[in-house]
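All remarks here apply to the structure that follows.
The values are calculated or read from the model by the stated rules, or taken from the named source; none is laboratory data. The model shown is predicted, which means the values in this text are computed figures rather than measured ones. Note that we place each Cβ from the backbone using ideal geometry, even for glycine, and neighbour counts take in every protein chain shown.
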Amino acid sequence: MGRFASTVEFYTRYREPYCPEFFRTVAERLALRGGEALLDIGCGPAPLAIGFAPFMASSTGLDPKPAMIEAAKEAAEQAGAPLTLRLGRIEDFPAGELFDIVTIGRALHWLDRGSALEVLKRIVSGHGRVLVCWSTSVETPATPWLKPYQEVCRSWSDDPDRQRYRMEPQNWFAGSRFRQSMACRSHRSGM
């Protein structure tokens, strides 16, 4: 069944979204011209691939879970975003394609670092960038649900302090040509 087989619906409905301004701001900072090819690793329901699609010539989502690929397909259709979807893991990604932008949302901690870096060396164009993007909700009067949600997560988790998810991108990419990759964070203060 797999780790995420029963959670696809919840990823799609409840995971913190990326704000539209986030995509525009990143596109401006990177001076994207609309001719770039993007690969979103561990895309899940593909919020990054879909959000960046208007700024790209092509946008591809990659995920190892068939149910997540199906959710991404549905989300892309609803958004009217042209999206290519591929089932698989980055560690097994075939040679032959180059991407200008590779995004990794909240999936960095699931990747086998050594294998993933080898593939990234092969598939990221010489001028390409790897973006580690995540979003978080911050505690405000508009997010009264946040603290109870965090408490429930801690009570059910085998990693209550969520150390697995606190991987710093600069440490993960240390020693690679991607060591200065851009980390992008979108903060939400309400729904």
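Data for the structure
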| item | result |
| --- | --- |
| Count of residues meeting criterion [of a type in the set (Val, Ile, Thr) and over 13 Å from the mean Cα position of the chain (by Cα)] in region 54-82 | 1 |
| Residue that is nearest to the chain's Cα centre (by Cα) [pool: residues in region 15-41 that are under 24 Å from Asp112 (Cα atoms) and either at pLDDT below 95 or among the hydrophobic types (A, V, I, L, M, F, W, C) (or both)] | Ile41 |
| Selection from region 43-55 of residues that are touching a Pro at 6+ places or on another chain (Cβ under 9 Å) and surrounded by 24 or more Cβ atoms within 10 Å (Cβ to Cβ) | Pro47, Gly51 |
| Subset of region 14-49 (residues that are touching a Phe, Trp or Tyr at 6+ places or on another chain (Cβ under 7 Å) and assigned to a loop (DSSP other than H, G, I, E, B)) | Leu32, Gly34, Gly42, Gly44, Pro45 |
| Residue in region 137-156 that is among the hydroxyl-bearing types (Ser, Thr, Tyr) and in contact with an Asp or Glu (Cβ under 6 Å, 6 or more places away or on another chain) present | yes |
| Yes/no for Gly80 being within 22 Å of Phe22 (Cβ to Cβ) and loosely packed, with under 15 Cβ neighbours inside 10 Å | yes |
